[in-house]
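Participant: Just dropping this structure here.
The values are calculated or read from the model by the stated rules, or taken from the named source; none is laboratory data. Treat the numbers as computed from the prediction; the structure is a model and nothing was measured. All Cβ positions, glycine included, derive from the backbone under ideal geometry; neighbour counts span all protein chains shown. We work out accessible area using only protein heavy atoms, side chains counted, and drop any ligands, DNA or RNA first. Shrake-Rupley method; radii C 1.70, N 1.55, O 1.52, S 1.80 Å.
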Amino acid sequence: MDFLGIIQILDSALRLATPLLFACLAGLFSERAGIFDIGLEGKILASAFLSAAFAFYTGNVWLGLLAGIVASLMLSAIHGLASITFRGNQLISGVAINFLASGITVVVGEAWFGLGGRTPSLMGGARFAEITLPFADAIRGMPVIGPIYSDLLSGHSILVYFGLLCVPLTWWVLYRTRFGLRLRAVGENPAAVDTAGVSVVGLRYAAVMICGVLCGFAGAYLATALSAGFVKEMSAGRGFIALAALIFAKWRPWYALGATFLFGLLDAFGNRYQSLDLFGVDIPTQFMQALPYILTVVILAGFVGRAIPPRAGGKPYVKER
Amino acid sequence: MTAAGTPPDPDLAIELRGISKSFGPVRANKDIALRVRRGTIHGIIGENGAGKSTLMSILYGFYKADAGEIMIGGKRTEIPDSQAAIDAGIGMVFQHFKLVENFTVLENVVLGAEEGRLLRPSLAKARKLLRQLADDYEMDVDPEAVIEDLGVGQQQRVEILKALYREADILILDEPTGVLTPAEADHLFRILRGLRDEGKTIILITHKLREVMEITDTVSVMRRGEMTATVQTADTSPEELAELMVGRKVLLRVDKAPARPGKAVLEVKNLRVTDVQGVERLKGIDLRIHAGEILGVAGVAGNGQSELLEVLGGYANGTGTIRLNDQTIDLTGTASDARTRRARGIAHVPEDRQREGLIMDYRAWENVGFGYHHDARFNSGIFMDNAALRADCAAKMERFDVRPPDPNLAAKNFSGGNQQKIVLAREIERNPDLLLIGQPTRGVDIGAIEFIHEQIVALRDQGKAILLVSVELDEIMALSDRIAVMFDGRIIGERLPSETDQGELGLLMAGMTGEAAA
């Protein structure tokens, strides 16, 4: 593989990693606050659909993004209500949200557009355009630096850059602010937060809502930046892959960037090398495309060392002494 | 003191008037009146379930009282949540610490009392203040240490520092010495006296009469949700307090005849246990227990006592030799498990009855039936004879005075003492040669303690061997015929109860052997 080939793969990996990164950070906020969320998938899907639909109707991708975030937030509110207010089982609530999103997007999509659950293709202002970074064209010819800057870093939609920005932002919020301290504490020992006079319920709702906003970005990116419109089940398990990445990343923001990029890279490989001849053995396409999912299983089976989840994760908080 | 019209007394740090609280049909607090004078250490004692914890939870905003009023410093105060309690100058040190284990001391202290939205200035300020508090009150704790690396004594100091950082004037401590060594408890009492001399008010909830006598100025006694008496500590005696707590005279000592040890029942040589994390928990234990003898194992919790019980009971593996009635017991876990141990004559009352002794949601008869499932009396090959199990349970409940004697009641609906009696009935009625018994009276009220102690002594007098593990020194002293002290996975010393005292045992428990302590 030549240098330009590597650049192209990395470029493609960055695009494919972005929705995973948003979803992974979304899960990070929720799980650090002690709310497990396997409904990331459903939220991404709902956001993808509504953002595409609104972008199509209004021709404005920003309104589409907003609609996507609203869709995701609504599902977050359901999850919050079920798991925080009514102290229900967080896994079951998440499963229900995934089913709900999977069904409702197709039903509403068919009712609105009659295209078998798809939205019409988005064009022009209804999609996030690719941004050319300053001087990208000027230095394209330079060796090494040129391709890295002009082809790898430049030429992505604004959401890719925003996603990357979210990593240090999440780190800063988590480790440098009062909110972050409380958020981490409520995921480890909510009783400590409660007895310190801080509302456990309030913190957990805040976390779940942040999770909703970030999933909204993930979904909108899928439908309006990575693709040009919504296709049924287009999230394709990304919510679950993001959860695997979250475990791989040991619930830390910078690691999350690394983990999601690794998944993006595998995805990019699968797309590029439809069939691969490895030392005389013909690797089938299906295997290449299954790589991210195989890695997910490997990670979830615990082959990557011990990852200690937030200690109060998944447990509803009941006041007791 | 129920008259709401009485003028408030500013000399009182806390005054409670007519506090009542019910949980369903259970009246946890009935018309409680309490007056705590400023700058004193005020003890509140009572059996489990007497309502002490409920009362303090109301004071700290965990529960809302159904009726009554709270006066703080002579002012009527509403405490709907913990923040309100903190604002009113109340700090609470819970029995189970409310610390975030993987945070530093500093982060725990600051949590909820930050200066602003950013963390750095809060941490800097707290660091400075902690140093000052450490100097003032002898509370040396490294601010950057992570909680899970600290010992329980230090963790407790962090809880006190948390309260002081929030400028608490009133400090409530719930059973603070349960997890401490005698030396650590003494240190805590020094800290508390220092705080009192500074003018702070301290409420100490405990069931240990010795502590009440040692440190409090005033003591209030609760029984069955009511405040039965408030007396000056100097004017009372442990016997009087015990009587007030239980409502009748109790024996604080166990009447028992001298032991008549027979042949050795259990011989343990060089027993070692390594846990799943690869930490060696038992580092070569040698012991011997004879028929008709109680060997008491004393020690601060976590020094290997639990592992000793587990490996003897057959649910942990180890190396070394264990001989029961002159026959070797396999320790690798493949040929010998808890069931075969039981068949060979070992019965086990585990330390944590709610997790290991009982299934809390199962009925009493189901719990009593555990371990008897292969017994031909109850098992016809395919079907269990549940009626026979129920009848057997009813008989055992009768003999062990379990109240209420209802085999159909779920285990969780019995009080701690009665739960323990259920476990004890199941194990003792196996007629074992060796009884392993861990923390027999943890969370058990005084009346039931008496009964349980009598049963243990009666079993000994039938010529059985008993291994008693307890963190309560009083219990070890009262029951044991010989005392072994465990420290750091070893038996650090063995004493006869007649030739030792709590002071010497306390030193051993802290890891100081006789020569070093002398």
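Participant: How much mean residue ellipticity at 222 nm does chain B get from its helices, if each DSSP H run of length 4 or more adds -39500 (n - 2.57) and you divide by all residues, to the nearest 500 deg cm²/dmol?
Facilitator: After summing the helix terms and dividing by the residues of chain B, the value is -9500 deg cm²/dmol.
Participant: As an exercise, use a Förster radius of 25 Å and the Cβ-Cβ distance of A:Ser199 and A:Phe162 to find the FRET efficiency, rounded to the nearest 0.05. Write down the numbers at each step before the final one.
Facilitator: Working: r = 30 Å, r/R0 = 1.20.
Here the calculated transfer efficiency is 0.25.
Participant: At 1.4 Å probe radius, can you tell me the per residue accessible area of chain B in Å²?
Facilitator: Value for chain B: 44 Å² per residue.
Participant: With a 1.4 Å probe, what is the total accessible area buried between chains B and A, in Å² rounded to the nearest 100? Provide the component values of the computation, followed by the final result.
Facilitator: Working: alone 23670 and 14890 Å², together 36160 Å².
That pair hides around 2400 Å² of surface in total.
Participant: Let a ≥ b ≥ c be the square roots of the eigenvalues of the Cα gyration tensor of the protein assembly as shown; is it rounded (a/c under 1.5), or, if not, prolate (a/b larger than b/c) or oblate?
Facilitator: It is prolate, given that a/c is not under 1.5 and a/b is the larger ratio.
Participant: Over the residues of the range B:372-518, compute the C-alpha Rg and express it relative to 2.2 N^0.38 Å.
Facilitator: This ratio for the range B:372-518 stands at 1.28.
Participant: Let me ask something else. With angles folded into 0 to 90 degrees, how steeply does helix A:253-272 sit against the dominant principal axis of chain A? Use alpha carbons for both and round to 10.
Facilitator: Orientation of helix A:253-272: about 40 degrees from the principal axis.
Participant: Can you tell me the length gained on complete extension of the stretch B:Ala510 to B:Asp461, counting 0.36 nm per residue apart and subtracting the Cα distance? It would help to have the intermediate numbers written out before the result.
Facilitator: Numbers: separation 49, 0.36 × 49 = 17.64 nm, distance 3.24 nm.
In short, 14.4 nm is gained.
Participant: Okay, next question. Indicate the helices, whole DSSP H runs only, in chain B that combine a mean Kyte-Doolittle hydropathy of 0.0 or more with a Cα extent along their long axis of 15 angstrom or more. Walk me through the numbers on the way to the answer.
Facilitator: Details: long enough: B:119-137 (26 Å, -0.58); B:152-165 (19 Å, -0.13); B:182-197 (22 Å, -0.43); B:386-399 (20 Å, -0.44); B:416-428 (18 Å, -0.34); B:446-461 (23 Å, 0.64).
Counting only whole DSSP H runs, the qualifying helices are B:446-461.
Participant: Would you mind working out the magnitude of the charge dipole of the protein assembly as shown relative to its Cα centre, with +1 at each Lys and Arg C-beta and -1 at each Asp and Glu C-beta, to the nearest 20 Debye?
Facilitator: 1580 debye
Participant: Let me ask something additional. What's the FRET efficiency of B:Arg131 with B:Glu69 using the Cβ-Cβ distance as r and R₀ = 41 Å, to the nearest 0.05?
Facilitator: 0.55
Participant: B:Leu434: net charge of surrounding residues, Cβ under 10 Å, Lys/Arg +1, Asp/Glu -1, itself excluded?
Facilitator: So the surrounding residues net to +2.
Participant: Calculate, in whole percent, how much of the Cα-Cα pair population of the range B:12-246 lies beyond 29 Å. All intermediate terms of the calculation are to be shown ahead of the outcome.
Facilitator: Values: 7408 of 27495 pairs.
Looking at the range B:12-246, the distances longer than 29 Å represent 27 percent of pairs.
Participant: Distance between the C-alpha centers of the range B:277-300 and the range A:58-126? Whole Å please.
Facilitator: Rounded to whole Å, the Cα centres lie 61 Å apart.
Participant: Oh, and also: Can you pull the percent of chain A's accessible area that's carbon plus sulfur, 1.4 Å probe, other chains left in place?
Facilitator: Using a 1.4 Å probe with all protein chains present, chain A comes out at 70 percent carbon and sulfur.
Participant: Between B:Arg288 and A:Ala77, what is the label-to-label distance in nm when each label sits 7 Å out along the Cα-to-Cβ direction?
Facilitator: The answer from the label model is 7.6 nm.
Participant: Shifting gears a bit: Mind pulling the angle between the C-alpha long axis of helix A:40-58 and the longest principal axis of chain A? Nearest 10 degrees, somewhere in 0 to 90.
Facilitator: Long axis of A:40-58 versus the principal axis of chain A: about 60 degrees.
Participant: Filter the trypsin sites (Lys or Arg not before Pro) in the range A:94-196 down to the DSSP loop ones having no more than 15 other Cβ atoms within 10 Å, then list what survives.
Facilitator: Answer by residue number: A:Arg140.
Participant: Roughly how many nanometres apart are two label points built 7 Å out from the Cα toward the Cβ at B:Lys412 and B:Ala343?
Facilitator: Computed distance between label sites B:Lys412 and B:Ala343 equals 3.5 nm.
Participant: For the range B:92-197, what % of the accessible area comes from carbon and sulfur atoms, probe 1.4 Å?
Facilitator: With neighbouring chains kept in place, the figure for the range B:92-197 is 46 percent.
Participant: What is the distance in Å between the Cα centroid of the range B:387-436 and that of the range A:240-263?
Facilitator: The range B:387-436 and the range A:240-263 have Cα centres separated by 52 Å.
Participant: Based on the mean of other Cβ atoms within 10 Å per residue, sort peptides A:256-266, B:10-20, B:469-479 so the most packed one is first.
Facilitator: A:256-266, B:469-479, B:10-20
Participant: Related question: Calculate, for B:Arg403 and B:Asp255, the FRET efficiency according to 1/(1 + (r/R0)^6) with r their C-beta to C-beta distance and R0 22 Å; round to the nearest 0.05.
Facilitator: With a Förster radius of 22 Å, E is 0.40.
Participant: Roughly what % antiparallel, to the nearest 5, for the DSSP beta bridges in the protein assembly as shown?
Facilitator: Roughly 60 percent of the DSSP beta bridges within the protein assembly as shown come out antiparallel.
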